[in-house]
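The values are calculated or read from the model by the stated rules, or taken from the named source; none is laboratory data. From a predicted model like this one, the values you see are computed outputs, not experimental measurements. No Cβ is skipped: glycine too gets one built from the backbone with ideal geometry, and neighbour counts run over all protein chains shown. Ligands, DNA and RNA are excluded from the accessible area calculation, which covers all protein heavy atoms including side chains. Shrake-Rupley method; radii C 1.70, N 1.55, O 1.52, S 1.80 Å.
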Amino acid sequence: MKNSKIAIIGTVGIPANYGGFETLVDNLVLWNEQSGSGHPLAVWCSSKSYAKMLQSYHGARLHYVPLSANGAQSIAYDIWSILSALRRGSDTLLLLGVSGAIALPFVRLFSRVRIVTNIDGIEWKREKWRGLAKAVLRRSEQLAVKYSDAVIADNQAIADYVTSTYAQPCDVIPYGGDHALEPAADLSAVAGLPEAYALALCRIEPENNVEMILQAYATLGRPLVFVGNWDRSEFGRELKGRYSDHPHIVIHDPVYDPGKLRAIRQKATLYLHGHSAGGTNPSLVEMMHFGIPVIAHGCAFNRYTTEEKARYFMSAQDLSNAVLKLSPPDAAEIGRDMVEIAQRRYTWNQVARSYFELADG
């Protein structure tokens with residue numbers, strides 16, 4: 001259906017403050033407005049996350065649900081959003097994540113709406129989920145694949161998993177990363193940082209191999225700037241306490257301002273990516289646009305994202321060896337490869353066009 005009325009469900013909302021799905025929605029809305037594609041868009045947002053609740057944003061209507069988009073309320077939040085979208089006559093539901101998939105069998109009974117679901121990164125396999133939560137997420141994934149008209153994965157490794165597990169086709173649409181280059185660099189952000197440094201940037205969670213990276217750099221004696229939300233968990237606070245006084249490691253609080261983040265990124269001489277779950281990680285594709293060499297965890301997701309042209313590690317010793325063996329010519333070549341891949345695959349123009357084509361059917 002050309003120019004279908006699309007409801008976007010499953011995120012905290014827009015304007016985006018932080019998060020891969022929120023950044024995706026922000027850029028879909030911007031592209032729809034700037035390209036003149038003509039899709040009526042509506043985005044469901046959590047009123048818990050916005051002090052000022054806008055009625056519209058770059059041409060998209062915003063609707064608010066009085067629940068949290070994350071944690072224990074996420075399932076109810078998504079179901080509420082789905083029912084609201086159906087009442088408002090949406091032609092297409094674009095579901096980001098599988099939290100609300102338990103409602104899809106009922107949607108199919110009473111509606112002919114087109115359902116397009118990005119299943120995210122095989123969420124139930126993440127280390128942080130246990131017991132009932134893991135079982136619910138796995139069942140939600142099954143329902144999402146079964147009842148969606150189209151399933152999206154952001155990485156070929158996830159698409160392969162969907163095809164082999166459910167015998168269902170799966171479209172691969174990654175994230176864009178070129179927005180990271182757009183703001184002017186706020187150079188005040190790099191005041192006090194080393195002249196040259198390796199950069200790691202992530203949520204401070206075990207699956208991002210934070211401790212592995214810190215262990216490697218504690219022995220290397222080379223500058224590392226590690227940006228993350230250290231104070232949000234006991235895991236992060238313990239690592240922060242252990243490494244804050246290390247002479248070559250800068251434990252940096254999270255940075256959300258785009259200009260400051262650009263300044264920190266563009267001054268780095270090496271990017272370390274420890275994510276081992278979740279598919280195509282936005283922080284990786286954003287960094288690839290800077291032309292800086294990448295050493296990434298050697299999981300299938302990262303290898304697909306970088307087309308096997310980065311360097312990879314599976315342990316602290318692997319990382320140490322990769323850093324020591326990285327010659328200036330090799331580093332320059334990897335940086336050039338990262339930019340070429342990023343410009344070919346990870347721009348929002350390509351990503352948004354693919355989403356809207358799939359939404360229209």
* Is at least one residue of the stretch 228-249 under 30 Å from TRP348 (Cβ atoms) and not in a helix (DSSP H, G or I)? -> yes
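Condition check ((1) modelled with pLDDT under 90; (2) closer than 16 Å to ASP78 by Cα) across all residues:
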{"position": "ILE102", "(1), (2)": "no, yes"}
{"position": "PHE106", "(1), (2)": "no, yes"}
{"position": "SER111", "(1), (2)": "no, no"}
{"position": "VAL116", "(1), (2)": "no, yes"}
{"position": "ASP120", "(1), (2)": "yes, yes"}
{"position": "TRP124", "(1), (2)": "yes, no"}
{"position": "LYS128", "(1), (2)": "yes, no"}
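Yes/no matrix, rows are residues, columns are (1) more than 12 Å from ILE14 (Cα to Cα); (2) of a type outside the set (Asp, Glu); (3) over 22 Å from the mean Cα position of the chain (by Cα):
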| position | (1), (2), (3) |
| --- | --- |
| HIS63 | no, yes, yes |
| LEU86 | yes, yes, yes |
| THR92 | yes, yes, yes |
| VAL98 | yes, yes, no |
Residues in the stretch 180-195 that are open to solvent by 40 Å² or more (accessible area, probe 1.4 Å) and either closer than 25 Å to LEU24 by Cβ or at pLDDT 95 or above (or both) total 4
**Asked** Hey, any hits in the stretch 22-30 for a residue that's closer than 14 Å to GLY100 by Cβ and open to solvent by 30 Å² or more (accessible area, probe 1.4 Å)?
**Response** no
If we keep only residues of the stretch 264-302 that are over 16 Å from PHE226 (Cβ atoms) and either hydrophobic (A, V, I, L, M, F, W, C) or free of Cβ contacts under 8 Å to residues at least 12 places away in the same chain (or both), then the residue most open to solvent (accessible area, probe 1.4 Å) is ALA300
Scanning the stretch 181-228 residue by residue, the ones that are touching a residue at least 60 places away in the same chain (Cβ under 8 Å) and among the hydrophobic types (A, V, I, L, M, F, W, C) total 18
Of ARG303, ARG344, the only residue that is part of a helix (DSSP H, G or I) and in contact with a strand residue (DSSP E or B) (Cβ under 9 Å, 6 or more places away or on another chain) is ARG303
Result of the Cβ filter at 6 Å on the stretch 229-257, keeping first residues that are open to solvent by less than 80 Å² (accessible area, probe 1.4 Å) and partners that are assigned to a helix (DSSP H, G or I) and basic (Lys, Arg), at least 6 apart or interchain, is TRP230/LYS240; ILE251/LYS240
Within the stretch 44-90, residues in a loop (DSSP other than H, G, I, E, B) and either of a type in the set (A, V, I, L, M, F, W, C) or over 25 Å from PRO105 (Cβ atoms) (or both) come out as TYR50, ALA51, LYS52, MET53, LEU54, GLN55, HIS58, GLY59, PRO66, LEU67, ALA69
Quick check, is ILE292 over 19 Å from the mean Cα position of the chain (by Cα), assigned to a loop (DSSP other than H, G, I, E, B) and at negative phi?
yes
Condition set in contact with a Gly (Cβ under 8 Å, 6 or more places away or on another chain) and more than 23 Å from PHE356 (Cα to Cα), scope the stretch 31-63, selection surrounded by the most Cβ atoms within 10 Å (Cβ to Cβ): answer is SER46
Residue pairs qualifying under the 6 Å Cβ cut-off, at least six apart or on distinct chains, with the first in the stretch 111-140 being over 22 Å from ARG88 (Cα atoms) and the second being buried (at least 20 other Cβ atoms within 10 Å of the Cβ) and at pLDDT below 65, are LEU137/GLU123
Boolean, PRO174 is in contact (Cβ under 8 Å) with a residue 12 or more places away in the chain, under 15 Å from ASN281 (Cβ atoms) and not in a helix (DSSP H, G or I) = yes
